[in-house]
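Laboratory data are not the source of any read-out in this text; all were calculated from the coordinates shown. Note that this is a predicted model, so its numbers are computed, not measured. As a convention, Cβ positions derive from the backbone with ideal geometry for all residues, glycine included, and neighbour counts pool all protein chains shown.
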């Protein structure tokens with residue numbers, strides 16, 4: 001193997017063989033080291049969360065990947081191919097100019113026009129001092145009721161869009177709530193304060209692109225009514241046929257009221273988990 | 001809904017249906033027994049020595065070497081599919097890629113495991129790396145198979161990391177993403193290594209000037225068996241993948257790949273098999289008429305011993321070569337699933353017969369004028385050890401099928417799906 | 001000058017007594033191995049009995065001692081060993097096997113057309129007391145390695161040591177005699193340096209009655225056989241199929 005070994009003699013055969021072998025071994029080594037190094041670099045440059053999200057998004061069922069423009073009635077049918085990242089979507093401008101169509105139901109859920117909604121069921125509210133407050137939307141609150149425990153990020157820590165905002169547990173289920181926008185945590189609230197996190201956004205909140213990926217206005221109606229349909233199907237008792245009731249409002253504390261339902265799937269679809 | 005009721009549903013991808021854990025364990029149980037028996041038999045051989053086998057000074061290679069060569073030929077689908085998908089960009093074979101990697105991993109790790117028992121002094125295995133003999137085909141085999149097994153492990157890791165629970169660790173998921181991006185490099189390296197070791201396995205026999213039954217002319221240092229082995233391996237690799245996938249579909253009761261994938265694999269297999277048959281026929285004619293007589297061995301003497309007469313040669317080239325090549329490529333027969341799979345089975349049997357002829361028949365035949373034709377029957381330890389490899393393979397594949405996205409299709413839309 | 005040690009075995013003189021086999025086993029510390037069969041035992045020197053296939057008064061038999069032929073040209077076992085545990089010693093022409101480096105892969109055994117290589121299928125064991133008869137000049141091999149005739153290389157070492165002690169550069173040929181040669185009662189096995197023009201063995205190897213087994217394989221074996229019987233000389237090349245005159249033994 002090496003010239004130091006007893007009786008080793010260099011021949012053309014040795015040169016060819018060993019150079020080929022070492023070239024192959026080097027290629028394999030470089031590949032592995034490269035993958036490891038790139039992984040480390042992704043974590044250092046905060047790209048890790050984005051990559052995880054893209055990968056998770058691809059694992060979501062197709063019904064959970066409807067484009068917002070389909071929900072809003074702007075297009076017939078479209079699956080999002082960009083991990084809900086409307087900020088980088090090349091088709092956004094052509095769809096956004098059309099008006100949202102659809103029937104507005106009274107869903108019995110509070111949502112307001114001064115808030116922007118993330119597909120993972122959190123809202124974002126721009127405050128006057130340039131910060132953004134974040135909290136869970138009513139559908140999420142109605143599902144969970146009062147959580148058994150909440151784990152908040154530390155003050156001053158960074159949260160990434162589609163990464164983890166906070167984590168909750170309820171009835172043995174672990175729920176990870178996705179962050180609707182990236183920024184630094186400057187305030188921590190809770191159920192009593194009416195908001196959960198106050199963040200200093202990384203991007204300029206006055207730039208319309210910053211909040212482009214969040215739903216607002218009539219879009220929220222259509223999205224929530226789809227979500228309620230999904231919940232009705234998923235929470236029905238086992239072995240009953242699916243039915244879609246008209247009217248009715250969402251009761252609160254569903255996880256306590258219906259402990260026998262398949263909460264794993266419901267929570268995964270609601271909070272965009274795999 | 002069904003998967004959420006399973007005891008281990010946390011580990012199974014969402015939306016995938018699997019049988020109950022209990023049923024799965026019932027399926028695994030006999031294979032675990034077979035595997036355990038294999039481990040015991042192997043342990044006996046390692047502890048007491050190779051006298052536990054029926055190999056002897058005349059049959060220095062036996063069942064294990066024959067099956068090693070066979071299994072490595074059948075596992076060639078791994079590198080060849082990778083080559084077709086990543087290098088030649090044949091995306092229609094994508095659905096079978098993960099299965100190919102797992103099957104390749106099983107075949108090569110199993111073969112290396114058996115080789116460790118087959119040698120008299122396993123702890124000296126590193127000597128080949130420290131004192132390589134660049135003239136020996138076996139050195140080439142050792143180096144290439146070791147490297148290639150490493151490559152297969154590296155290709156298997158991303159599939160493993162896509163398990164539902166394992167992917168929740170961000171470092172695993174990001175590493176999987178980065179490794180997956182480099183898989184084309186690994187596929188290229190794997191193709192190069194496989195080209196050499198599949199060939200060298202053939203070269204093992206083609207260079208034996210002391211065994212004119214196996215000895216062949218060649219190109220530079222490589223005897224014709226070098227190229228014939230490569231051809232037969234890439235011809236039967238896709239067929240073996242077809243058989244594995246069809247079996248999995250039968251056992252699980254669901255359709256896992258687009259139906260015309262079978263026909264495509266069959267066509268590739270059939271064309272390559274046809275080329276192989278042509279090359280082998282030419283090689284056989286040269287050997288019969290020139291190579292063997294030139295060293296004083298009249299070829300008809302090889303076929304004078306029952307039951308290893310001329311019908312074996314005929315069977316190898318025509319029944320298990322030309323016939324499946326035709327059935328796999330001719331449209332009318334390829335369209336019928338039953339015929340297609342039978343042809344694939346014939347092709348795989350053909351490659352096994354070829355390996356058998358070269359490993360076992362070569363040693364049975366006399367060389368000295370006063371030698372006799374010898375017989376050899378493997379001992380139960382040899383059979384059980386190899387049964388252990390089969391059990392190991394079924395267990396690994398079953399676990400991979402249950403917990404990993406082997407056949408996951410891109411879930412609609414034009415998303416980049418890492419790993420489907 | 002480099003030697004090429006070889007042998008000429010006169011088959012007309014071999015009586016099949018087997019002394020050479022016993023001497024070889026004793027010299028090389030081959031264990032008794034009562035559990036071995038003819039195909040798993042270790043016989044670096046093996047005498048084979050061959051008949052001419054005729055019946056009655058026309059039947060003839062010959063005894064052929066087979067050992068490693070120490071092939072000179074493209075030695076089959078040397079080129080195939082993956083870790084260079086075999087090599088042709090340039091100084092003597094002897095094909096040297098290193099049991100310490102042998103992995104036990106047995107590729108060399110499939111390569112050898114003379115079936116001259118033997119594998120240690122068992123650990124060697126001697127009955128109590130018999131270990132006193134072991135030859136201290138020859139290492140015992142462990143289970144799982146290949147061994148074969150090495151022209152009693154230990155005796156060559158002794159001869160070289162003796163010559164060096166006497167201040168000579170060349171050994172005295174009389175000091176280096178392999179065990180089988182020494183034991184043969186009819187002097188059928190003759191040993192010498194084929195490269196030395198003055199050596200009797202070198203002459204005999206070129207006699208018209210001399211032949212080598214499977215010479216057409218072109219491995220240049222250094223063990224020659226000699227017989228005045230034509231049917232014996234015909235054994236040199238492979239048999240022409242069943243129903244021929246040659247029977248096996």
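For the reader, a short list of remarks on this structure follows.
- Across chain C, the relative contact order, built from alpha-carbon pairs under 8 Å that are at least six residues apart, equals 31 percent.
- Neighbouring partner chain Cβ atoms per residue of B:175-183, average, 10 Å criterion: 6
- For chain B, built as a Gaussian network whose Cα springs stay under 10 Å, the top-fluctuating residue of B:89, B:306, B:250: B:306
- To the nearest ten degrees, helix A:218-235 and the longest principal axis of the Cα atoms of chain A are 80 degrees apart.
- Between helix A:12-44 and chain A: long-axis angle, C-alpha atoms, 0 to 90°, nearest 10: 30 degrees
- Residue mean of other protein chain beta carbons inside 10 Å, B:289-300: 3
- Spin-label model distance (nm) - residue A:202 vs residue B:330, 7 Å beyond Cα toward Cβ: 6.4 nm
- Taking label points 7 Å from Cα along the Cα-to-Cβ direction, residue A:26 and residue B:271 give a separation of 3.6 nm.
- Extension gain, residue A:158 back to residue A:257 (0.36 nm per residue minus Cα-Cα distance, nm): 32.1 nm
- Averaged over the residues of C:121-127, the number of partner chain Cβ atoms lying within 10 Å of the residue Cβ comes to 2.
- The calculated FRET efficiency for residue B:251 paired with residue A:169, based on their beta-carbon distance and R0 = 41 Å, is about 0.60.
- Spin-label model distance (nm) - residue B:279 vs residue C:13, 7 Å beyond Cα toward Cβ: 5.4 nm
- The range A:144-274: relative contact order as a whole-number percent, Cα under 8 Å and 6+ apart: 22 percent
- Extent along principal axes [Cα atoms of the range B:55-376; Å; largest to smallest]: 69, 54, 35
- FRET E, pair residue C:49, residue B:16, Förster distance 56 Å, beta-carbon r, rounded to 0.05: 0.20
- GNM remark for chain A: springs join alpha carbons under 10 Å apart, and the peak mean-square fluctuation among A:179, A:72, A:23 falls on A:23.
- Taking chain C as a Gaussian network of alpha-carbon nodes connected by springs under 10 Å, the highest mean-square fluctuation of the residues C:16, C:41, C:129 belongs to C:129.
- Summarising the strand pairing of the protein assembly as shown, around 95 percent of its internal DSSP beta bridges are antiparallel.
- Least to most buried among C:8, A:12, B:33, B:112 (fewest other Cβ within 10 Å first): A:12, B:33, B:112, C:8
- At R0 = 56 Å, FRET efficiency that the Cβ-Cβ distance of residue B:91 and residue C:177 yields, to 0.05: 0.15
- Considering only alpha-carbon pairs that sit under 8 angstrom and 6 or more positions apart, the relative contact order computed for the range B:116-250 is 20 percent.
- Here the ratio of the Cα radius of gyration of the protein assembly as shown to 2.2 N^0.38 Å is 1.25.
- Helix axis angle, A:48-59 relative to chain A longest principal axis, alpha carbon, degrees: 70 degrees
- Two-decimal log10 I(q)/I(0) for chain A, as the Debye equation yields it once each C-alpha is a single scatterer, q = 0.07, 0.10, 0.12, 0.16 Å⁻¹: -0.35, -0.59, -0.79, -1.36
- Kirkwood estimate for the range C:98-249, i.e. one over the average of 1/r between Cα atoms, Å: 18.8 Å
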